[in-house]
Amino acid sequence: METGGNSLPSGPDGVKRKVLYFYDPEVGNYYYGQGHPMKPHRIRMTHALLAHYGLLQHMQVHKPVPARDRDLCRFHADDYVNFLHNVTPETQQDQLRQLKRFNVGEDCPVFDGLFSFCQTYAGGSIGGAVKLNHGFCDIAINWAGGLHHAKKCEASGFCYVNDIVLAILELLKQHQRVLYVDIDIHHGDGVEEAFYTTDRVMTVSFHKFGDYFPGTGDIRDIGYSKGKYYSLNVPLDDGIDDEGYHYLFKPIISKVMEVFRPGAVVLQCGADSLSGDRLGCFNLSIKGHAECVKFMRSFNVPLLLLGGGGYTIRNVARCWCYETGVALGVEVDDKMPQHEYYEYFGPDYTLHVSPSNMENKNSRQLLLEIRNKLLDNLSKLEHAPSVQFQERQPDTELTEADEDQDDGDERWNSDSDMDIDEDRKLIIPSRVKREVIEPETKDPVCSMEVQIGTIEQTRGFDTATNETGVDVSPMPIDVPTVKVE
């Protein structure tokens, strides 16, 4: 069924949306280590801005239920999740072989509370997907999520668990097609790889390409097998500005929405594509970055907004605060209110910062060639794929009466402190026992061994149904019969 979008009001992006926001007050306490550019403290700074701008009172505010091991294993390998669960800074020296095997150590260090951090940010993204599936909100936000580099069996690029893949798998229970859009400066390789051979998920990544981490995301990487033309890569050079970015973003996304017709959209809002980022080399303004959010919102499709990269943390907080306002349809004042992190934003103490005068290496001719190539690829998809469901996994069930339905106008109390009601519960996945029944298919799928030899992106990925019954093989996806206990 694809009824979620029908609950959204019609009209342009000025129309109010019901927005649900996930935040755990502990998330800012996690620390990757001295000198590491990834700082979860930026999530706490963002939340403080939201509180003092008065935006929290316009949203449902939820503390995420931590993702359980079994939730993480819907995508990740059991032994990898078990390793993350058990490794500590004190014991890591006894596990050197596993550290190397799972790519944990340098960019992705072991730190105190690592697994709890993973459970928290993944829980927010999965929870957002569940809320969207049940129609309890039009837009769900989890700024702690968006860690798009994590692979099935390894950490990568400061990312341990791929909350985006897990959220998309949840959305696929309700929606035949899900669109993933990534505006982080780095290629969304982990998400692309996970869905490279299916036509149920389209991935679109706008990123710096050429001698830049993670090194993937060539315009010629378009998907494989049933997923051919369902991966779009927009390779950009240093200094891209607002005008050039939207010269590509708007026509490409418009065509994607027309041709693919997703039932839900996940937008990864990595803020390292902003001007002045510590690790980035783009030249987007906060308004230019947020224009992508505004544009996606205008399609009136259930929308999950996630964080991602962003290493000049004062600008990350500025960006995600402003984009929360965009999601709500609320214009946020440029003059910043006094709050506990006010000193981070001097000397101007404003929400917006001007782009730099750096050179833009993206010529109009280059952008035109990229645009024409990608629009041509999309023209080869004449219409949205017809998806046959034989048996579908059961919707995640409520464990108790949902407070959103009891009182749809209940909002965050501005007179209370910034901590969230600990008793408010999220929907958590039901316990299911799955009996896998092999469905008959007319067209046998190529073995993954052949795919691995042909397409590097599919490494470490198998076509078999995993332990929890989620089939990530090429379409048609025949979900195994499930039995609820």
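Considering all alpha-carbon pairs of region 19-380, what whole percent are spaced by more than 32 angstrom?
Values: 16865 of 65341 pairs.
The answer is 26 percent, as a whole percent.
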Rounded to a whole %, the carbon-and-sulfur portion of the accessible area of region 261-370 at a 1.4 Å probe is 48 percent
Computed ³J(HN,Hα) along region 51-63: with the Karplus parameters 6.51/-1.76/1.60, θ = phi - 60°, integer Hz and x for glycine or proline, the list is 5, 7, 7, x, 7, 5, 5, 8, 10, 6, 10, 10, 8
For region 331-337, in residue order, the Karplus 3J(HN,Hα) values (coefficients 6.51, -1.76, 1.60; θ = phi - 60°; whole Hz; Gly and Pro = x) are 7, 9, 5, 5, 6, 7, x
Here region 111-123 yields Karplus 3J(HN,Hα) values (6.51, -1.76, 1.60; θ = phi - 60°; whole Hz; Gly and Pro given as x) of 9, 4, x, 3, 5, 4, 4, 4, 4, 5, 6, 5, x
Per residue, accessible area of region 259-301 with a 1.4 Å probe, heavy atoms of protein chains only, in Å², comes to 23 Å²
Sorted by chain and then number, the residues having a modelled amide H within less than 5 Å of the amide H of Leu236, at least 5 places away or on another chain, are His207, Lys208, Phe209
Violations at 21 Å Cα threshold for listed pairs Lys255/Lys294; Lys131/Lys287; Lys16/Lys294 -> Lys131/Lys287
For region 142-248, dividing by residue count, accessible area per residue (probe 1.4 Å) in Å² works out to 20 Å²
Checking region 305-365 for trypsin sites (Lys or Arg not before Pro) in a loop per DSSP with at most 16 other beta-carbon atoms within 10 Å yields Lys361
Amide H neighbours of Gly310 at under 5 Å, excluding residues fewer than 5 places away on the same chain, with H built from the backbone geometry, are Ala271, Asp272
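So how many Å³ per residue does the convex hull of the Cα atoms of region 73-203 work out to?
Numbers: hull volume 13.8 nm³, N = 131.
Once divided by residue count, the hull of region 73-203 is 105 Å³.
The values are calculated or read from the model by the stated rules, or taken from the named source; none is laboratory data. Just so it is clear, the structure is predicted and the values come from calculations on it, not from any experiment. With ideal geometry, Cβ positions are generated from the backbone for all residues, glycine too; neighbour counts draw on all protein chains shown. Accessible surface is based on the protein model in full, side chains and every heavy atom, while ligands, DNA and RNA are left aside. Shrake-Rupley method; radii C 1.70, N 1.55, O 1.52, S 1.80 Å.
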